[in-house]
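For reference, the structure is listed below as structure tokens.
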Amino acid sequence: MKKSYVLFITLVLVVVFSILANFILETNSLKNEAFKQKYLYLQAKNHILFLEDYILKTELEDTKDIKIDDDLFEIIAKRYGDEKSKIFFLSVKNKKFDIRLTKQIVKE
């Protein structure tokens, strides 16, 4: 009878510690995922700020669209209307995650 109680307590402890370990690993995995998405958001924000600065400081008389090739992001700037228009639509989108930043600027 003693052996059955010891076996039962051992099984209960193994199950409890397994559930606890699983919970800890899931929490760490979610933290890593959130950190990765925060990092990619900051990187996308830097890309869109660079693109805005580039458009405002560069003469783009006959340019309608700008597309920058990148491994992680789709970086696009489009001019609204004709080629004399001063309104640009900027878009930075991550290729793997649902992270997308857009901005509309007016070049003066």
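The values are calculated or read from the model by the stated rules, or taken from the named source; none is laboratory data. Note that this is a predicted model, so its numbers are computed, not measured. Note that each Cβ is placed from the backbone with ideal geometry, even for glycine, and that neighbours are counted across all protein chains shown.
Among the numbered criteria (1) over 30 Å from ALA34 (Cα atoms); (2) assigned to a strand (DSSP E or B), which one does ILE76 miss? Only one criterion is unmet by ILE76, namely (1).
Looking across the stretch 27-66 at every residue that is more than 18 Å from the chain's Cα centre (by Cα) and assigned to a helix (DSSP H, G or I), the one that is surrounded by the fewest Cβ atoms within 10 Å (Cβ to Cβ) is identified as LYS57. Here LYS45 passes the criteria (1) touching a residue at least 12 places away in the same chain (Cβ under 8 Å); (2) over 26 Å from LYS86 (Cα atoms) except the one numbered (2).
Looking at the structure I just gave you, is LEU13 modelled with pLDDT of 90 or more and assigned to a helix (DSSP H, G or I)? So LEU13 passes the test. Residues in the stretch 71-88 that are of a type in the set (Phe, Trp, Tyr) and surrounded by 14 or more Cβ atoms within 10 Å (Cβ to Cβ): PHE73, PHE88.
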